[in-house]
There are 2 protein chains.
Amino acid sequence: MQIAFIGMGTMGAPMAANLLNAGYSVTVHNRNREREIALSEAGAMRAATPAKAAAAADVIIVCVSDTPDVEAVILGENGVLQGARAGAVVVDMSTISPAATRAMAAALAEKDIDMLDAPVSGGSEGAQQGTLSIMVGGEAAVFERVKPVLGAMGKTITHIGPSGAGQTTKAINQIIIAGTYMGVAEGMVLGLKANLDMEKVLQAVSGGAAASWGLSNRAGNMLNNSYPLGFRVKLHAKDLRIALDTARNSGAVLPVAALVEQLEAGLISRGFGDEDVSAMARVLREASGLNE
Amino acid sequence: MQIAFIGMGTMGAPMAANLLNAGYSVTVHNRNREREIALSEAGAMRAATPAKAAAAADVIIVCVSDTPDVEAVILGENGVLQGARAGAVVVDMSTISPAATRAMAAALAEKDIDMLDAPVSGGSEGAQQGTLSIMVGGEAAVFERVKPVLGAMGKTITHIGPSGAGQTTKAINQIIIAGTYMGVAEGMVLGLKANLDMEKVLQAVSGGAAASWGLSNRAGNMLNNSYPLGFRVKLHAKDLRIALDTARNSGAVLPVAALVEQLEAGLISRGFGDEDVSAMARVLREASGLNE
């Protein structure tokens, strides 16, 4: 099976490497072409454009940053749509708009090219170790065809529903993180202002209804006011904007996600966009006079 | 060791029963005295007032609803302060204001009576099974003296710090729950509006950074729009008001806790105060047109 992989970023490069390690024949392309070199040395072929990468491929994987980037790669000049063969499958593993996803799937379908949306969670560590969680939207039969390919990159691979369902599920994931982390951040701020021994507080509240991955893994960042990656504020903010757009279009009301997106926008504008998303505690700490 | 137990509510009654089962001599009192009968039949003595219950006791446990109730039991006419001996320990297991706690501890100290604040989490199920999490504020030496008594009612027993620290920790617990549940509720609402298969969505998002006790145990309520107990909205709202007062006095800023307290106040005024606290999803569902 011939695979094209477009996007050699923090996520895409190790994901493509895992496909090579699994024995697939992979052709890579990246806008900044120097990023292709490491993969080329690991056995990948290189292509000058998305169209050329897609030309001989059975499965064309896209892993870039945002909705306009995916649209450029698929619909743009020298894009996948111009190069891919009828019968090929485009698998978009970026996190982008569900509505834009459905529009691109329709454009590809006119040339008998299938498309799955397959955003991931699990971060760069999951990408390197091949343990990503992959949430898939698109036709079930197409999903079954590419499932072994996804299995080389992820551990929990769930077909959710039709085109866009994977992206909406990713949006749900990011919304839940927004609320969970804010709850933890507010709790930590109250405890710090009361001068409590926060190690003991964490011990006392971690066993019950307040328990979460964020409490176990990110409360420490919030207490230290230090936010190493992790997952970037600027990417979470982008994902929340997708969630809020999707919510607006469907009539869903998400007050906490909206609040967190605004706090994150403030962090980004002040130069904190590359901190871990637990940095939303930075804003509450400042508002509470803890960083003075 | 002689124990007085004041407050035979949903929590207090089974907690007192566990003390009897552990072999302690227990004298019970409740404002509505009929509630003492079941405990009396299980071997407890009955007392007509908090003062009389406290008279012969080494440890005086209070488990009532709110700050004014504890103040009435301890400081009021025929209250604990009028009956307790010097050297006794008052253990307040209600969830109340940390500031009021410190004031009562000071009043008791004038009569050489020690006080611990020891609020619990784990619900009526934890109270019955003796598996409560108990968060304790007060002097360490006093804590060590009554720790075996607490051990008959709870599993995780943590001494956090000085007077009020247990109550502040409980406030932190309730704040974290507010944020976590709101994140889950917003995620569920977006998914419902998108007509996703929510079982598959839960499967996809439960293994990563969105994971929480609330997601695992309360998302089902939110999807079914049915909120069996659990923990009552009206009690959580009371706890959040304590948290917000404490925050206001210390300068901590808690925007999501404030939002959730307001949503819960709305639920209570409409007759939903006895639903489980996951009913905050009811408000978002309604705002999103899902309950029409």
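The values are calculated or read from the model by the stated rules, or taken from the named source; none is laboratory data. In this text, all values refer to a predicted model and were calculated from it rather than measured experimentally. When we count neighbours, we look across all protein chains shown, and the Cβ atoms used for this are built from the backbone with ideal geometry, even at glycine. Please note that ligands, DNA and RNA were not included when accessible areas were found on the heavy atoms of the full protein model with its side chains. Shrake-Rupley method; radii C 1.70, N 1.55, O 1.52, S 1.80 Å.
Name the one entry in B:GLY207, B:GLY220 that is among the small types (Gly, Ala, Ser), closer than 18 Å to A:ASN173 by Cα, more than 22 Å from the chain's Cα centre (by Cα) and modelled with pLDDT under 95.
Working: B:GLY220 fails: modelled with pLDDT under 95.
Result: B:GLY207 is the single residue among B:GLY207, B:GLY220 that is among the small types (Gly, Ala, Ser), closer than 18 Å to A:ASN173 by Cα, more than 22 Å from the chain's Cα centre (by Cα) and modelled with pLDDT under 95.
With the condition being open to solvent by less than 10 Å² (accessible area, probe 1.4 Å), I'd like the helices (runs of 4 or more DSSP H) fully within the stretch B:31-104 carrying at least 2 qualifying residues.
Filter on the stretch B:31-104 gives B:50-55, B:67-75.
Starting from the stretch B:267-288, keep only residues that are under 13 Å from A:PRO255 (Cα atoms) and among the β-branched types (Val, Ile, Thr), then list their pairs with residues that are part of a helix (DSSP H, G or I) and open to solvent by 10 Å² or more (accessible area, probe 1.4 Å) whose Cβ atoms are within a distance under 7 Å, requiring at least 6 positions of separation or different chains.
Final answer for the pair search is B:VAL283/B:LEU263; B:VAL283/B:GLY266.
Pick from the stretch B:202-218 the residues that are touching a residue at least 12 places away in the same chain (Cβ under 8 Å) and open to solvent by less than 40 Å² (accessible area, probe 1.4 Å): which of them is farthest from the other protein chains (Cβ to nearest Cβ)?
Selected residue: B:LEU202.
So A:PHE231 passes all but one of these: (1) more than 11 Å from chain B (Cβ to nearest Cβ); (2) of a type in the set (A, V, I, L, M, F, W, C); (3) open to solvent by 30 Å² or more (accessible area, probe 1.4 Å). Which condition number does it fail?
Answer for A:PHE231: the failing condition is (1).
Sort through A:ASN225, A:ASN221 and tell me the only one that's buried (at least 19 other Cβ atoms within 10 Å of the Cβ) and more than 9 Å from every other protein chain (Cβ to nearest Cβ).
Values: A:ASN225 fails: buried (at least 19 other Cβ atoms within 10 Å of the Cβ).
Exactly one residue qualifies, and that residue is A:ASN221.
In the stretch B:234-246, which residues are open to solvent by 10 Å² or more (accessible area, probe 1.4 Å) and not basic (Lys, Arg)?
Step one: filter the stretch B:234-246 for residues open to solvent by 10 Å² or more (accessible area, probe 1.4 Å), giving B:234-235, B:238, B:241-242, B:244-246.
Listed by number, the residues that qualify are B:LEU235, B:ILE242, B:LEU244, B:ASP245, B:THR246.
Looking at (1) closer than 21 Å to A:GLY79 by Cα; (2) in contact (Cβ under 8 Å) with a residue 60 or more places away in the chain, which is the only condition A:TYR24 fails?
Single failed check for A:TYR24: (1).
From the list A:VAL149, A:VAL120, which one is closer than 27 Å to B:MET188 by Cα and either touching a Cys at 6+ places or on another chain (Cβ under 6 Å) or assigned by TED's automatic domain parsing to the domain that holds A:ILE96 (or both)?
Working: A:VAL149 fails: closer than 27 Å to B:MET188 by Cα.
Exactly one of A:VAL149, A:VAL120 is closer than 27 Å to B:MET188 by Cα and either touching a Cys at 6+ places or on another chain (Cβ under 6 Å) or assigned by TED's automatic domain parsing to the domain that holds A:ILE96 (or both), namely A:VAL120.
Starting from residues that are of a type in the set (Ser, Thr, Tyr) and farther than 17 Å from B:PRO162 by Cα, keep the ones in the stretch B:101-127 and report whichever is farthest from the other protein chains (Cβ to nearest Cβ).
Start the filter on the stretch B:101-127 by keeping residues that are of a type in the set (Ser, Thr, Tyr), which leaves B:101, B:121, B:124.
Cutting the leftovers down to farther than 17 Å from B:PRO162 by Cα gives us B:121, B:124.
Values: B:SER121: 5, B:SER124: 13 Å.
Among residues in the stretch B:101-127 that are of a type in the set (Ser, Thr, Tyr) and farther than 17 Å from B:PRO162 by Cα, the one farthest from the other protein chains (Cβ to nearest Cβ) is B:SER124.
Do we find that B:ALA243 is out of contact with any Cys (no Cβ under 8 Å at 6 or more places or on another chain), within 12 Å of another protein chain (Cβ to nearest Cβ), modelled with pLDDT of 95 or more and not in a helix (DSSP H, G or I) in this structure?
On the way: out of contact with any Cys (no Cβ under 8 Å at 6 or more places or on another chain): yes; within 12 Å of another protein chain (Cβ to nearest Cβ): yes; modelled with pLDDT of 95 or more: yes; not in a helix (DSSP H, G or I): no.
Taking the combined requirement at face value, the residue does not satisfy it.
Condition check: out of contact with any Cys (no Cβ under 7 Å at 6 or more places or on another chain) and in a loop (DSSP other than H, G, I, E, B). Does A:GLY207 satisfy that?
Working: out of contact with any Cys (no Cβ under 7 Å at 6 or more places or on another chain): yes; in a loop (DSSP other than H, G, I, E, B): yes.
So A:GLY207 passes the test.
With respect to B:SER278, determine if the residue is of a type in the set (Ser, Thr, Tyr) and within 30 Å of B:ASP197 (Cα to Cα). Before the answer, list the steps.
Details: of a type in the set (Ser, Thr, Tyr): yes; within 30 Å of B:ASP197 (Cα to Cα): yes.
For B:SER278, the condition - of a type in the set (Ser, Thr, Tyr) and within 30 Å of B:ASP197 (Cα to Cα) - is met.
Take the stretch B:40-65 and flag every residue that is modelled with pLDDT under 95 and within 19 Å of B:THR10 (Cα to Cα). Please lay out each step first, then the result.
Quick first cut of the stretch B:40-65, residues modelled with pLDDT under 95 only: B:56, B:65.
B:SER65, the sole residue that qualifies.
Residues B:GLY183, B:GLY191: which one is within 7 Å of chain A (Cβ to nearest Cβ) and touching a residue at least 12 places away in the same chain (Cβ under 8 Å)?
On the way: B:GLY191 fails: touching a residue at least 12 places away in the same chain (Cβ under 8 Å).
So the residue among B:GLY183, B:GLY191 that is within 7 Å of chain A (Cβ to nearest Cβ) and touching a residue at least 12 places away in the same chain (Cβ under 8 Å) is B:GLY183.
Those residues that are open to solvent by 10 Å² or more (accessible area, probe 1.4 Å) and more than 7 Å from chain A (Cβ to nearest Cβ), I need them from the stretch B:247-261; list them, please.
Passing the criteria: B:ARG248, B:ASN249, B:ALA258, B:GLU261.
At least 2 residues that are within 26 Å of A:VAL73 (Cβ to Cβ), open to solvent by 10 Å² or more (accessible area, probe 1.4 Å) and at pLDDT 95 or above in each: list the strands (runs of 3 or more DSSP E) lying fully within the stretch A:106-197 that qualify.
Details: elements: A:114-117, A:132-137, A:154-161.
By residue number, A:114-117, A:154-161.
For the stretch A:262-283, give me each residue that is closer than 25 Å to B:VAL184 by Cβ and either open to solvent by 50 Å² or more (accessible area, probe 1.4 Å) or outside the structural domain of A:ILE177 (by TED's automatic domain parsing) (or both).
Selection gives A:GLN262 alone.
Taking A:ILE177 and the conditions (1) more than 7 Å from chain B (Cβ to nearest Cβ); (2) in contact with a His (Cβ under 8 Å, 6 or more places away or on another chain); (3) of a type in the set (Val, Ile, Thr), which numbered condition does it fall short on, given that it satisfies the others?
Here A:ILE177 clears every test but (1).
Looking at the stretch A:225-245 only, could you name the residues that are among the aliphatic types (A, V, I, L, M) and touching an Asp or Glu at 6+ places or on another chain (Cβ under 7 Å)?
Start the filter on the stretch A:225-245 by keeping residues that are among the aliphatic types (A, V, I, L, M), which leaves A:229, A:233, A:235, A:237, A:240, A:242-244.
Passing the criteria: A:LEU229, A:VAL233, A:ALA237, A:LEU240, A:LEU244.
Checking A:SER65 against (1) under 16 Å from the mean Cα position of the chain (by Cα); (2) within 14 Å of chain B (Cβ to nearest Cβ): exactly one of these is not met. Which one?
Every condition holds for A:SER65 apart from (2).
Which one of A:ALA237, A:ALA219, A:ALA211, A:ALA194 is in contact with a strand residue (DSSP E or B) (Cβ under 7 Å, 6 or more places away or on another chain) and either of a type in the set (A, V, I, L, M) or over 30 Å from A:THR67 (Cβ atoms) (or both)? Full working, then the answer.
Details: A:ALA237 fails: in contact with a strand residue (DSSP E or B) (Cβ under 7 Å, 6 or more places away or on another chain); A:ALA219 fails: in contact with a strand residue (DSSP E or B) (Cβ under 7 Å, 6 or more places away or on another chain); A:ALA194 fails: in contact with a strand residue (DSSP E or B) (Cβ under 7 Å, 6 or more places away or on another chain).
Answer to the selection: A:ALA211.
Within the set of pairs 6 or more residues apart or between chains, which connect a residue that is in the same structural domain as A:GLY79 (by TED's automatic domain parsing) inside the stretch A:46-58 to a residue that is in a helix (DSSP H, G or I) and not aliphatic (A, V, I, L, M) with Cβ atoms less than 7 Å apart?
Taking only residues 6 or more apart or on different chains, the pairs are A:ARG46/A:GLU36; A:ARG46/A:SER40; A:PRO50/A:GLY83; A:ALA51/A:GLN82; A:ALA51/A:GLY83; A:LYS52/A:GLY83; A:ALA54/A:GLY83; A:ALA55/A:GLY83.
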